[in-house]
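Engineer: Could you have a look at this structure, given as structure tokens, before my questions?
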Amino acid sequence: MVVVSAPPTSGATRTHCPYCSLQCGIELRPTVPGLPGPLALEPQADFPTNLGGLCSKGWTATSLLDHPQRLLHPLVRTVRGDRSSPFREATWDEALGRVVDGITAAQAAYGRDAVGCFGGGGLTNEKAYAFGKFARVALRTSMIDYNGRFCMSSAATAANRTFGIDRGLPFPLSDVARARTVVLVGSNPAATMPPAMQHLDAGRADGATHVVVDPRRTATAAGSTLHLAPRPGTDLALANGLLHLAVRQGRVDEAYVAARTRGFAAVRAGVASSWPDRVERITGVPVAQLQQTLDALTAESAMILTARGAEQHSQGTDTAQAWINLALALGLPGKPWSGYGTVTGQGNGQGGREHGQKADQLPGYRKLADPADRAHVAGVWGIDPDELPGVGVSAFEMLDRMGAEGGVRALVLMASNLVVSAPDVNRVRARIEALDLFVVSDIFLSETAELADVVLPTAQWAEEEGTMTNLEGRVIRRRQALPPPTGVHDDLWVMKELAERLGRGRYFSADPGEVFAELRRASAGGLADYSGITPARIDAEQGVFWPCPDTTTDGGAPHPGTPRLFAETFPTPDGRAVFRRVEHAEAAETPDADYPYVLTTGRLMAQYQSGTQTRRVPAPSQSSAQPEVQLHPDLARRLEIGSRDIVLLSTRRGAATFRAQVSDDIRADTVFVPFHWGGASAANALTNPALDPHSKMPAFKACAVAVSRLGAPDEDELLTRPPVHTALSAPTRPTLNQRLQPSRRKDLPMLAQNRFLQGVFAFEGAGMDKPAPLSPELSHLVPEGVVSQALYFRGGNSSDELVSLVLMRDGVAMRYFPIGAKADVHVPLRVVEDIDGGSLIELRLLAPEGLTGTLVVDLGLVEH
Ligand code: SF4
């Protein structure tokens, strides 16, 4: 048992909860003033995000400070280099010596990039900043990234390319209470950050309309005005459908679009084919609900807030972009009590992504590839810009090449439990096992630390000084209420010591105040400019919002900070926000005969991220919680699964076991599991590591899964036994003959897939007797073993004469769809006809020779 020593003072320490991005204000004080012992915790009644509220995680946070499993000594393997040998305690000198030996050997054999660094969104700004500098100055490697890639990188990428800046909320959280409409997309604050609900509740009490978009009826959805429950992975189509309606109904803010944006014409054309009934078929959201949502969004003030449910997809950036497009078209960003924002998850998810932990980034959102940015930061660091390495690779790309040709051979990991939180954890575990050296800094022996060569114990939140940046972009102070246990050091000290041993110690400080002062200089002039933010101002002003340049050097008044962005302009080269056309694409993996349902993952109220901390909290609600799979009663009945049964989930990557929670709060084609556990119930043994091409975000939120009953409620041992996984390596479809046979497997119902031949095309007629190809996008080879059926045709014709689209099968005309001059048609095909696999379907054009114009075409097909 560790005895935690309170500082010799009876005063309170004003600091913040260690967990989520709300960073609730709390006060810590010794239980017995002036004496060693446990700390008492109270919420700060006046801190603007939590207003005296805390969730169960916050209330129990101090219980981990003297937890019996706390790491108090460095650990090394008994047999050096053999990770199957047990750990033994070591001195810091021995442990750091092993780390430096391994780093030196890897770099001597394979080059500087053979050593990688992996950080976390829970690190203070100072540690995140120092880690980026440690990689580039002490190790001189380009290989650094962090777990924020797995969090909000898609929304950050979309915001950067549209607004020219990425700050999660561009306004204080309290503005939410003033908005007449709030649309929450894939966000569940009632469970993940309950004190934030005070702001939403105040708005609703004042008559605001709240719309929640989520495949589950979460606690947030249950309290909303309107709940839309789309199929996971279709939020982009939903947003485009809303924008289609806005355009058609003349509800675009044309003056705002003309004055403050560019690129809308392409987006307007892009959503032309997002007809509401088509969107309904893709998403499952009724047309009437689309209309209600748009009506709400055109209120006097409105906000659209996305979170991980919309963003953690292989098309997450484009999905966030679609919601941003909608917000811009309605003129929301920069208007009072309006705009677009993303709700950051991790405690320092905002600050952690600003100061250099990312592979392409330098402090202050500067770019590693920009010569001026390199020169500025190198000047602050006292090195030659040419000493800085180049741009590295993203988190999963680095992890997936570890120990392999061209990949890192040694990894230093801080504040992350990868084998619980990364996608496809079995694959990540195998890559870790291939490393020559694996070093983990943590407060507990997490599932990932158990795999390390060297484990370094580190200080906890209440034992350190530093700054954090919350979901609003408000920079706040983390204060030390007691020293770390004897023999435990914080990560700044560790980086300084390692740098000393690598001959680069003169560039580093272990003092958080000195590091923050240097961070301010390094960020000066950058997008995330902290140079005007001082600890004294943070204390006096309940935090300071960045950007906050230092305007006092020439005797000027201090910059007030920037609570609200975009009121006048956007930080893009021409001051305008940039629309980008985005199209719906199916998820990277969709259900098929072998994996017939959609798996989605998320968080529970009592747990935080990988659960390294919260699963150890003694409170029964946290320590004894069991991982459950939520599934609809219809699905449970079909699969003969009862409440509390043990259920096996399998995907192409792995298997995991959960207890069944049967609930009609979820779609019948979707199952949900929390990702806070490892072992037999590791949700991320199932998830798909397919990456978003822009943000490199893995597809955590949608993949194909098989579900089956494993045992009765009392067969608890099934939840601890490694689940048996029999992978089918590639998507399979039954042959046509198989399809015609009644299925004998109740758990493998056939699922239909929609397909669309569509787009907007300029044309020149070849003659009314010559069906001419219009575009390669209007042809489709029906896959073998599948049957396709045309469901409807929609078309619009801008020309002054009649034209006709011809549906061809293998070169033979099947149907004609005439479209009058300057007219549009909608043809439901009520008598459907099977088109067998192997057939070539095409839409060709009949138009008078020489006639020019534009056609909007949309042929809806279903395949099964
Ligand atoms: S976990 Fe988040 S919501 Fe809960 S107390 Fe901590 S900061 Fe507040």
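The values are calculated or read from the model by the stated rules, or taken from the named source; none is laboratory data. None of the values given here were measured: they were computed from a predicted structure. Quick reminder, even Gly has a Cβ in these numbers, built from the backbone with ideal geometry, and neighbours come from all protein chains shown.
One line per residue, one yes/no per condition, for (1) without any contact (Cβ under 8 Å) to a residue 24 or more places away in the chain; (2) within 16 Å of the chain's Cα centre (by Cα); (3) assigned by TED's automatic domain parsing to the domain that holds Ala229; (4) farther than 14 Å from Ser695 by Cβ:
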site: Gln291; (1), (2), (3), (4): no, no, yes, yes
site: Ala302; (1), (2), (3), (4): no, no, yes, yes
site: Arg308; (1), (2), (3), (4): no, yes, yes, no
site: His313; (1), (2), (3), (4): no, yes, yes, no
site: Thr317; (1), (2), (3), (4): no, yes, yes, no
site: Ala320; (1), (2), (3), (4): no, yes, yes, no
site: Trp323; (1), (2), (3), (4): no, yes, yes, yes
site: Leu330; (1), (2), (3), (4): no, no, yes, yes
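Engineer: Would you please name the residue that is farthest from Gln23 (Cα to Cα), looking only at residues in segment 155-171 that are in a loop (DSSP other than H, G, I, E, B) and more than 16 Å from the ligand (Cβ to nearest atom)? If you could, list the steps in order and put the result at the bottom.
Structural biologist: Initial filter on segment 155-171 (in a loop (DSSP other than H, G, I, E, B)): 164-171.
In the following step, the residues that additionally are more than 16 Å from the ligand (Cβ to nearest atom) were identified as 164-167, 170-171.
Values: Gly164: 26, Ile165: 22, Asp166: 19, Arg167: 16, Pro170: 17, Phe171: 16 Å.
Within segment 155-171, the match that is farthest from Gln23 (Cα to Cα) is Gly164.
Engineer: Which one of these is closer than 27 Å to Ala593 by Cα and surrounded by 15 or more Cβ atoms within 10 Å (Cβ to Cβ): Val862, Val856, Val806?
Structural biologist: Result of the check over Val862, Val856, Val806: Val862.
Engineer: Regarding Ala105, is this residue more than 34 Å from the chain's Cα centre (by Cα) and of a type in the set (A, V, I, L, M)?
Structural biologist: Taking the combined requirement at face value, the residue satisfies it.
Engineer: Among the residues of segment 679-688, is there at least one that is at pLDDT 90 or above and part of a strand (DSSP E or B)?
Structural biologist: Yes: one or more hits.
Engineer: Could you please let me know if Leu639 is outside the structural domain of Val420 (by TED's automatic domain parsing), in contact (Cβ under 8 Å) with a residue 12 or more places away in the chain and under 26 Å from Ala190 (Cβ atoms)?
Structural biologist: In short, no.
Engineer: On to the next question. How many residues does segment 689-712 hold that are outside any strand (DSSP E or B) and either within 19 Å of the chain's Cα centre (by Cα) or closer than 24 Å to Arg217 by Cβ (or both)?
Structural biologist: Of the residues in segment 689-712, 9 are outside any strand (DSSP E or B) and either within 19 Å of the chain's Cα centre (by Cα) or closer than 24 Å to Arg217 by Cβ (or both).
Engineer: Pairs only if they're at least six apart or on different chains, beta carbon under 6 angstrom, first in segment 561-576 and at positive phi, second part of a loop (DSSP other than H, G, I, E, B); list them, first residue then second.
Structural biologist: Note: pairs meeting the criteria are Gly561/Cys548; Phe566/Pro170; Phe566/Pro333; Phe566/Gly334; Gly575/Thr569.
Engineer: Shifting gears a bit: Kindly provide the set of residues from segment 395-410 that are part of a loop (DSSP other than H, G, I, E, B) and aliphatic (A, V, I, L, M), ordered by number. Before you say what the answer is, go through the steps one by one.
Structural biologist: If we filter segment 395-410 for residues that are part of a loop (DSSP other than H, G, I, E, B), which is where we start, we get 401-409.
Passing the criteria: Met402, Ala404, Val408.
Engineer: Would you say Ala108 is in the same structural domain as Met398 (by TED's automatic domain parsing) and surrounded by 24 or more Cβ atoms within 10 Å (Cβ to Cβ)?
Structural biologist: Criteria not met by Ala108.
Engineer: Condition check: in contact (Cβ under 8 Å) with a residue 40 or more places away in the chain, farther than 15 Å from Met303 by Cβ and away from the ligand (no atom under 16 Å from the Cβ). Does Ala191 satisfy that?
Structural biologist: So Ala191 fails the test.
Engineer: Quick one: which helices (runs of 4 or more DSSP H) sit completely within segment 264-356 and have at least 3 residues that are farther than 20 Å from Thr162 by Cβ?
Structural biologist: 276-283, 287-297
Engineer: OK, next. Quick check on segment 411-452: of everything there that is of a type in the set (D, E, K, R) and part of a loop (DSSP other than H, G, I, E, B), which residue is farthest from Ser681 (Cα to Cα)?
Structural biologist: Filtering first and then ranking leaves Asp436.
Engineer: Another one. Could you list, in sequence order, all residues of segment 464-513 that are more than 29 Å from the chain's Cα centre (by Cα), under 25 Å from Leu65 (Cα atoms) and in a loop (DSSP other than H, G, I, E, B)?
Structural biologist: Scanning segment 464-513 gives Gln480, Ala481, Leu482, Pro483, Pro484, Pro485, Thr486, Gly487, Val488, Ala510, Asp511.
Engineer: Still on this structure, I have one more. Collect the residues in segment 797-818 that are among the aliphatic types (A, V, I, L, M), at pLDDT 90 or above and over 44 Å from the mean Cα position of the chain (by Cα), keeping them in residue-number order.
Structural biologist: Leu802, Val803
Engineer: Restricting to segment 823-853, name every residue that is outside any strand (DSSP E or B), exposed (fewer than 14 other Cβ atoms within 10 Å of the Cβ) and modelled with pLDDT under 90.
Structural biologist: The answer is Arg830, Val831, Val832, Glu833, Asp834, Gly838.
Engineer: Moving on to the next point. Does Thr124 satisfy the condition of being at pLDDT 95 or above, within 16 Å of the ligand (Cβ to nearest atom) and assigned by TED's automatic domain parsing to the domain that holds Leu437? Lay out the reasoning, then the answer.
Structural biologist: Numbers: at pLDDT 95 or above: yes; within 16 Å of the ligand (Cβ to nearest atom): yes; assigned by TED's automatic domain parsing to the domain that holds Leu437: yes.
Taking the combined requirement at face value, the residue satisfies it.
Engineer: Shifting gears a bit: Counting only residues that are among the charged types (D, E, K, R) and under 34 Å from the mean Cα position of the chain (by Cα), how many does segment 78-102 have?
Structural biologist: Of the residues in segment 78-102, 1 are among the charged types (D, E, K, R) and under 34 Å from the mean Cα position of the chain (by Cα).
Engineer: Still on this structure: Would you confirm whether or not segment 124-139 contains a residue that is under 29 Å from the mean Cα position of the chain (by Cα) and not in a helix (DSSP H, G or I)?
Structural biologist: There is at least one residue in segment 124-139 that is under 29 Å from the mean Cα position of the chain (by Cα) and not in a helix (DSSP H, G or I).
Engineer: Could you give me the residue pairs with C-beta distances under 8 Å whose first residue belongs to segment 339-358 and is under 13 Å from Asp529 (Cα atoms), whose second residue is within 16 Å of the ligand (Cβ to nearest atom) wherever it lies, and which are 6+ apart or on separate chains?
Structural biologist: Between residues of segment 339-358 that are under 13 Å from Asp529 (Cα atoms) and residues that are within 16 Å of the ligand (Cβ to nearest atom), the close pairs are Gly351/Thr124; Gly351/Thr467; Gly351/Met468; Gly351/Thr469; Gly351/Val475; Glu354/Thr469.
Engineer: Check segment 150-168 and report whether any residue there is crowded, with 18+ Cβ neighbours inside 10 Å, touching a Phe, Trp or Tyr at 6+ places or on another chain (Cβ under 7 Å), under 26 Å from Met468 (Cα atoms) and not aromatic (Phe, Trp, Tyr).
Structural biologist: Within segment 150-168, one or more residues are crowded, with 18+ Cβ neighbours inside 10 Å, touching a Phe, Trp or Tyr at 6+ places or on another chain (Cβ under 7 Å), under 26 Å from Met468 (Cα atoms) and not aromatic (Phe, Trp, Tyr).
Engineer: Go through segment 217-245 and give me each residue that's surrounded by fewer than 20 Cβ atoms within 10 Å (Cβ to Cβ) and assigned to a helix (DSSP H, G or I).
Structural biologist: Ala219, Ala222
Engineer: Okay, next question. Go through Ala307, Ala302, Ala296 for me and flag whichever is among the aliphatic types (A, V, I, L, M), at pLDDT below 95, in contact with a strand residue (DSSP E or B) (Cβ under 8 Å, 6 or more places away or on another chain) and more than 29 Å from Leu859 (Cβ to Cβ).
Structural biologist: Going through Ala307, Ala302, Ala296 in turn, just one is among the aliphatic types (A, V, I, L, M), at pLDDT below 95, in contact with a strand residue (DSSP E or B) (Cβ under 8 Å, 6 or more places away or on another chain) and more than 29 Å from Leu859 (Cβ to Cβ): Ala307.
Engineer: Could you tell me whether Ala130 is crowded, with 24+ Cβ neighbours inside 10 Å and either out of contact with any strand residue (DSSP E or B) (no Cβ under 9 Å at 6 or more places or on another chain) or at pLDDT below 95 (or both)?
Structural biologist: yes
Engineer: Please tell me if Asp442 is surrounded by fewer than 24 Cβ atoms within 10 Å (Cβ to Cβ) and under 25 Å from Pro18 (Cβ atoms).
Structural biologist: yes
Engineer: Shifting gears a bit: So Phe658 ticks every box in (1) out of contact with any His (no Cβ under 9 Å at 6 or more places or on another chain); (2) surrounded by fewer than 20 Cβ atoms within 10 Å (Cβ to Cβ) but one. Which box is left unticked?
Structural biologist: Among (1) out of contact with any His (no Cβ under 9 Å at 6 or more places or on another chain); (2) surrounded by fewer than 20 Cβ atoms within 10 Å (Cβ to Cβ), Phe658 violates only (2).
Engineer: With the structure loaded, tell me whether Arg794 is of a type in the set (Lys, Arg) and touching a helix residue (DSSP H, G or I) at 6+ places or on another chain (Cβ under 8 Å) or whether it fails that test.
Structural biologist: Against the criterion (of a type in the set (Lys, Arg) and touching a helix residue (DSSP H, G or I) at 6+ places or on another chain (Cβ under 8 Å)), Arg794 qualifies.
Engineer: Sticking with this one: Considering each of Val185, Val176 in turn, give the residue that is under 28 Å from Arg262 (Cβ atoms), among the hydrophobic types (A, V, I, L, M, F, W, C) and touching a strand residue (DSSP E or B) at 6+ places or on another chain (Cβ under 9 Å). Explain how you work it out, then say what you get.
Structural biologist: Details: Val176 fails: under 28 Å from Arg262 (Cβ atoms).
That would be Val185, the only listed residue that is under 28 Å from Arg262 (Cβ atoms), among the hydrophobic types (A, V, I, L, M, F, W, C) and touching a strand residue (DSSP E or B) at 6+ places or on another chain (Cβ under 9 Å).
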